[in-house]
Structure formats: C-alpha cells, structure tokens
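Worksheet: one structure, shown below.
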Amino acid sequence: MKYMLIHTVDPSVEHGTDGMPTFDSWLDEMLARGVTLHGDRLRDACDATTVQVRDRELLVSDGPFAETKEQIAGYDVIECADLDEAIEVAAKHPTAWLGTIEVRPIQGGGCGGPAA
C-alpha cells in the first residue's frame with residue numbers, strides 16, 4: 001500500500017539532535033529497502049500562495065493557507081506492506097526527531113477515483 005509521509009515542523013522550537021539520523025542516511029536505507037517512491041522538501045511558508053474561490057470570486061493571497069506554528073516542510077511517498085511498516089519507516093525519518101510526521105494512506109485511483 002502507498003502512504004504519504006507529511007513532515008511538519010515548528011521553527012520556533014529547539015530540539016536535541018544528538019543521535020538523530022541524517023536525511024541522506026534515511027534515504028539511503030529506504031532506497032535500499034525499496035520503499036521510497038518519491039519525496040521532496042518544500043520552501044518556507046513565507047513563499048506560499050493561497051488560492052480560494054468564494055462565490056465565484058478568485059481570492060489569491062501570499063502566505064500559507066493556515067496560520068499555525070507548525071509548517072509543512074516536505075513529503076515522501078512510500079510503498080509498504082502495511083501501516084506498521086509505514087510507521088517504522090516514518091519513525092526513522094529525521095523530521096520525526098524535529099517535528100511531526102503524519103502517515104496517511106494514499107487513496108489510489110487518481111483524483112477522486114475509487115480506492116485501490
């Protein structure tokens with residue numbers, strides 16, 4: 001099953017990094033295991049643009065869609081046997097040491113299509 005790992009961090013919080021894996025070491029291990037399909041880091045939230053349509057009017061604003069302390073920092077798409085393996089993969093990711101990783105199953109079938 002495919003899962004998306006959504007990385008969030010709160011830039012205002014200091015975290016200990018003693019013993020934290022590097023991103024490169026995590027990626028090397030996941031590529032060797034064959035679970036990583038795609039991933040990338042995102043630019044800072046200050047570079048975001050929010051788009052909404054309300055009452056047929058296009059509203060475009062600078063900045064993230066939500067004013068929160070935590071910011072989405074990146075994502076990875078992985079393929080694992082089950083949720084337990086996806087959690088194990090997420091727990092090894094460096095962002096788990098600095099923030100939060102949400103593990104979310106991918107629906108499959110394309111945009112709005114039936115689940116795979």
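The values are calculated or read from the model by the stated rules, or taken from the named source; none is laboratory data. Since the structure is predicted, the reported quantities are computational estimates derived from the model, not experimental observations. Note that we place each Cβ from the backbone using ideal geometry, even for glycine, and neighbour counts take in every protein chain shown. Quick note on the areas: whole protein, heavy atoms, side chains included, nothing else; ligands and nucleic acids left out. Shrake-Rupley method; radii C 1.70, N 1.55, O 1.52, S 1.80 Å.
The figures follow:
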{"quantity": "Tabulated pairs, the range 39-54, first surrounded by 10 or more Cβ atoms within 10 Å (Cβ to Cβ), second charged (D, E, K, R), C-beta under 6 angstrom, 6+ apart or interchain", "calculated": "Gly39/Asp76"}
{"quantity": "Val60, sole failed condition from (1) surrounded by 10 or more Cβ atoms within 10 Å (Cβ to Cβ); (2) at pLDDT below 95", "calculated": "(1)"}
{"quantity": "Within the range 72-92, considering residues that are touching a helix residue (DSSP H, G or I) at 6+ places or on another chain (Cβ under 9 Å) and open to solvent by less than 60 Å² (accessible area, probe 1.4 Å), the one modelled with the lowest pLDDT", "calculated": "Ala73"}
{"quantity": "Residue that is surrounded by the most Cβ atoms within 10 Å (Cβ to Cβ) [pool: residues in the range 12-28 that are acidic (Asp, Glu) and assigned to a loop (DSSP other than H, G, I, E, B)]", "calculated": "Glu14"}
